[in-house]
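Notes follow the structure.
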Amino acid sequence: MGNEMGSEIGNENVNSKQLSKKNRKSRYRPIWLFLLQVFFCVVVPALVVAVCLFYVNVPHRHSSDSDSESVLGKTESWRLDTQKNYTIDLDYWKTQTPGVDRHYYLNVSTMSQVAPDGIERNVTVINGQYPGPLVEANAGDTLFLHVQAQGVPTTIHCHGLFFNKNESFNDGAAFINQCPIDANGGTYDYEIHLDENQSGTYWYHSHYGAQQADGVFGPLVIHSARERELINDSYDAEVVVMVNDYYHAMANSYLPEYLGPDNENTEPTPDDGLIQGTNDFKYDSATYVTPNGDTDLVPANFTQMPPAVFNFDPHKRYRIRVINAGFFAPFNFAIDRHKMKVVEADGTVTEPLELESIDMSVAQRYSFILEPQDTRLSEYWMRVRFNSFCFAQDNANFNTSVSGVIRYDHKGTSLPSSESWEYFGDDVRCRDFNQTLLRTLEGQVPRVQNGSTRPDVIVELDVSFMIKGNQLDRGYFNDMTYTALANSSTMNVLAKSHLQNSIKELQTTQVETKNDGQYLINLDKRGAVVDLIINNYDDGAHPFHLHGHKFWVLSSADRGYFKKSFYDSDNGEMDFTNPISRDVLGVSGFGYAVIRFVVDNPGVWPFHCHIGWHMESGLLLQINELQSEYSSWTHIPSAWDELCQTSA
């Protein structure tokens, strides 16, 4: 038995030794085999994943797109990302209801070495960027613009807004209904209660001197469920397109020559045109013309910029809001192989009108629904053709044909090869788009109480440029040219000193007064229907703008003279049904127009040519509306009055 036990123990020891040897062999297998397993099981799969992620997340781009990202994006903090900022979040606004406070902060300052088209210059900008940011609100909201001036005086005018909640003091026209914000860090808060029935495409800009031309402007869009219902189109994307003429020097540097003796209204011709604040300007040192002949303005550095690029989704239907934010030049707008269904003009919903192109005067706005006619291509040219016949002198720098790119394939590798719609050349008479083709949807021209086609008040305005004292050529309404008050604003004087002042005292009943450089049309009967008959005796066209109102375009002709007998004629010279209602109208050289509005909005409202040079030359008058009402207001902010005390 002991031998059996010893045998079992001995066998167990042998098995244990054999097992131990086997384990040691397993534990100490060759190192090269282990490394080979790691390489194939870990490293190779990781490399495959990394390569796949690279090709998924980094699309192939055309060289101009790559340049656009570096030139228009990361390396230039002064350039606004318009692809992002000017694309409207339609889904968000569809969920919004009126009554919201919308706050925007706008700091106005001057920057140097900024090159929107590749030529460096100084600019005056908002929040350190060019162009200005999009401001949006709903009809019925309260819009707050908190403005600070940093080194330059300024004002902000929200072009086209009514300010009809007894807030005309916030219209922002310097020396007319507001004194400028002080340059040394001055601030002013515009609080604007938006009308529940006002919506559409507008814009804001400085209304102080020629500052707008230097970059103080941006788009303003008022959304409305009612507007979308009227348009009755299932568009699902919106983009703002800002177009402006552009100079290579500060606007004030041109004024001494333009406003000086022996200059017969020869306006400075722009150097370029921009879409979304950029253009691929072609610089040639041999032919480049320096602004004002100033050799100090020869470009020291030039960076070739790409054209504006719009990345569109081919599965979406687009509403395009186009704004002429220029200082001088009208243009023709078109997109290759896309028809444009006009649905809005200056904030007025129109009866749909399908076009291939449209002429736009300075400060006008249109909304189109894009109707692609050819979907075979993925890139198309957007074409802006500035009208060269509107310039008094040539500028070799200015290629008046400016283009942007609409890209449906964001990975596109080439510039468009699309063909333009037939273009018959610039209009030699510089005329506005034919306004009789535009109809206000569900509109009706206001009439006097007895239903007559004639208004309660008619004011005839003869427009001209004349050389008078000191051989200066100035713009005139009738025989009056505007000169700004030195240390106050018209509205401040008429509201605060309404019983005794040098401009127009409350007890004065004259419809027209001309005192202290201020031509006023005084309207103090609420509900009165007023017609302005504009006779243009100048050879150039003028885009006239009325603050605080839209006006009905009863008649517009590119030649001839208006006769009051037209009011009673059935020959079609006037339209009393539903013509377009808007806030800017181009009146042709040696032509005329008749516009109508209703006296219902207390304030002092400028009526002027929106060509910036012409405003500087005095082509401006003021509608003094319901002075008996606004002079008794007690809600005018003390900060508004203090602006004039600072200016004094």
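Quick note: the coordinates plus some simple rules give every number you see, no bench work behind them. Only a predicted model underlies this, so the values are computations on that prediction, with no experimental measurement involved. Virtual Cβ from ideal backbone geometry, glycine too; neighbours counted across all protein chains shown.
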Mean ellipticity per residue at 222 nm, deg cm²/dmol - from DSSP H runs of n ≥ 4 across the chain, formula -39500 (n - 2.57): -4500 deg cm²/dmol
Cleavage-rule hits (trypsin sites (Lys or Arg not before Pro)) in region 557-646: DSSP loop, at most 13 neighbouring Cβ within 10 angstrom: Arg559, Lys563
Separation of the Thr509 and Asn301 label points, Cα + 7 Å toward Cβ, nm: 6.8
Option label - semi-axes √(5λ) of the Cα gyration tensor in Å computed here, alternatives (i) 53, 38, 25; (ii) 51, 33, 25; (iii) 62, 28, 27: (iii)
Residue (of Tyr202, Pro330, Thr490) at the positive-pole extreme of the chain, dipole from beta-carbon charges: Tyr202
Residue exposure sequence - Cys179, Cys430 - by fewest surrounding Cβ within 10 Å: Cys430, Cys179
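Would you mind working out the magnitude of the charge dipole of region 457-647 relative to its Cα centre, with +1 at each Lys and Arg C-beta and -1 at each Asp and Glu C-beta, to the nearest 20 Debye?
140
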Nearby aspartates and glutamates by direct alpha-carbon distance to Lys564 (threshold 19 angstrom, same-chain neighbours under 8 apart not counted): Asp456, Glu460, Asp462, Asp531, Glu573, Asp575
Fewest-first sequence of Ser588, Ser565 by Cβ atoms within 10 Å of each Cβ: Ser565, Ser588
Calculated FRET value between Gln113 and Asn232, using beta carbons and R₀ = 51 Å, to 0.05: 0.55
Residues Leu90 and Asp409, FRET efficiency given R0 of 22 Å [Cβ-Cβ distance, rounded to 0.05]: 0.50
Span per principal axis, largest first, for the Cα atoms of region 124-262 (Å): 53, 32, 31
Virtual spin-label span in nm between Gln150 and Val457, 7 Å along Cα→Cβ: 4.3
Cα-based shape type of region 389-443, given that a ≥ b ≥ c are square roots of the gyration tensor eigenvalues and the cut on a/c is 1.5: oblate
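Add +1 for every Lys or Arg and -1 for every Asp or Glu among the other residues with Cβ under 10 Å from the Cβ of Thr440, and state the total. Let's see the in-between values first.
Values: positive: Arg439, Lys550, Arg582; negative: Glu351, Glu442.
Result for the neighbourhood of Thr440: +1.
Output the antiparallel fraction of DSSP beta bridges having both residues in the chain, as a percent to the nearest 5. If you can, show how the numbers build up before the last one.
Details: 105 of 141 bridges.
Percent antiparallel among DSSP bridges in the chain is about 75.
Test of understanding: given the chain, find the longest segment containing no GluC sites (Glu not before Pro) that are in a DSSP loop and have at most 12 other Cβ atoms within 10 Å.
Working: sites that count: Glu264, Glu419, Glu422, Glu442.
The segment 1-263 is the longest one with no such site.
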Signed unit charges on C-beta, dipole axis of region 457-647, positive-most listed residue Pro543, Pro602, Ile467: Pro602
Full-stretch length increase - Thr577, Ser417 - with 0.36 nm per residue and alpha-carbon distance subtracted: 53.2 nm
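If each residue of separation counts as 0.36 nm, what is the full-extension length gain between Glu356 and Ala225 once their alpha-carbon separation is subtracted?
Fully extending the segment from Glu356 to Ala225 adds 44.4 nm.
What percent does the relative contact order of the chain come to when contacts are Cα pairs within less than 8 Å and at least six residues apart? Please report the intermediate quantities before stating the final value.
Numbers: 1513 pairs, mean separation 86.7, N = 648.
The normalised contact order for the chain reaches 13 percent.
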Cβ charges +1 (Lys, Arg) and -1 (Asp, Glu), total dipole of the chain, debye: 2760
For region 230-332, alpha-carbon Rg and Dmax in angstrom: 18.5, 58
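With +1 on the Cβ of every Lys and Arg and -1 on the Cβ of every Asp and Glu, and nothing else charged, how large is the dipole of region 541-603 about its Cα centre, in debye rounded to the nearest 20? Don't skip to the end; give the middle numbers.
Details: 6 positive and 7 negative charges, 32 e Å.
The dipole of region 541-603 has a size of about 160 debye.
Are there any helices in the chain, counted as whole DSSP H runs, that stretch 18 Å or more along their axis by Cα and score at least 0.5 on average by Kyte-Doolittle, and if so which?
Numbers: long enough: 2-27 (37 Å, -1.77); 44-57 (20 Å, 2.22).
Once both thresholds are applied, what remains is 44-57.
Tally Lys and Arg at +1 and Asp and Glu at -1 over the other residues with C-beta under 12 Å from the C-beta of Met111: what net charge comes out? If you can, show how the numbers build up before the last one.
On the way: positive: Arg79, Arg121; negative: Glu76, Glu120, Asp214.
With Lys, Arg at +1 and Asp, Glu at -1, the neighbours total -1.
Take every Cα pair under 8 Å in region 457-647 that's 6+ residues apart, average their separations, divide by the length, and report that relative contact order as a whole percent.
On the way: 403 pairs, mean separation 53.6, N = 191.
Relative contact order of region 457-647: 28 percent.
My understanding is that a pair violates if its Cα-Cα distance is over 23 Å; which of Lys94/Lys550; Lys496/Lys525; Lys165/Lys550; Lys504/Lys550; Lys316/Lys411; Lys84/Lys282 do that in this structure?
Working: Lys94/Lys550 26 Å; Lys496/Lys525 21 Å; Lys165/Lys550 16 Å; Lys504/Lys550 25 Å; Lys316/Lys411 18 Å; Lys84/Lys282 26 Å.
Going by Cα-Cα distance, Lys94/Lys550; Lys504/Lys550; Lys84/Lys282 fall outside the 23 Å limit.
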Amide H within-cut-off set for Gly347, under 5 Å, with H built and near neighbours excluded: Thr201
Volume of the Cα convex hull of region 457-647, divided per residue and given in Å³: 131
Residue order, fewest to most surrounding Cβ atoms within 10 angstrom, among Cys158, Cys644, Cys609: Cys644, Cys158, Cys609
Region 92-160 - convex hull of the alpha-carbon atoms, volume per residue in Å³: 116
Selection of trypsin sites (Lys or Arg not before Pro), region 96-192, meeting DSSP coil and at most 16 other Cβ within 10 Å: Lys165
